[in-house]
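Every number in this text was worked out from the coordinates using simple rules, so none of it is lab data. The structure presented is a predicted model; accordingly, all values stated were derived computationally and were not measured. Don't worry about glycine lacking a Cβ; one is built from the backbone with ideal geometry, like all the others, and counts go over all protein chains shown.
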Amino acid sequence: MADNVKLKQIMDVLDQLAEDTSVPRNIRRGASDAKGRLQAPNEAMDVKAASAIFILDELANDPNIPLHGRTLIWNIISQLETVK
């Protein structure tokens, strides 16, 4: 149950990032992609989380991302690392 609540919070933050017009388009698209990976049916939660972390890690290393966006991504990654 706690993981479902945490996952909902993570998806809400990914939505915020995807809708933040101060963030470059490729970062917003990546946030949407990561959310899509988390919603994928027929996959184990750890696989979905690892896929999303991989996408977000790539985004965090983008030199064009503003600092607040990078901080958000790091926070999401740390939350995803605790989801089982």
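Report the extension gain between Asp15 and Glu43 in nm, rounded to one decimal, defined as 0.36 nm multiplied by the number of residues separating them, less their alpha carbon distance.
7.9 nm
Quick check: pseudo-label points 7 Å beyond the Cα along Cα→Cβ at Asn75 and Phe54, how many nm apart are they?
Reported label-point gap for Asn75 and Phe54 is 2.7 nm.
Among (1) 1.10; (2) 1.15; (3) 1.00, which is the computed Cα Rg over 2.2 N^0.38 Å?
For Cα Rg over 2.2 N^0.38 Å, the calculated option is (3).
What 222 nm value per residue comes from the helices of the chain, counting each DSSP H run with n ≥ 4 as -39,500 (n - 2.57) and dividing by all residues, nearest 500 deg cm²/dmol?
-24500 deg cm²/dmol
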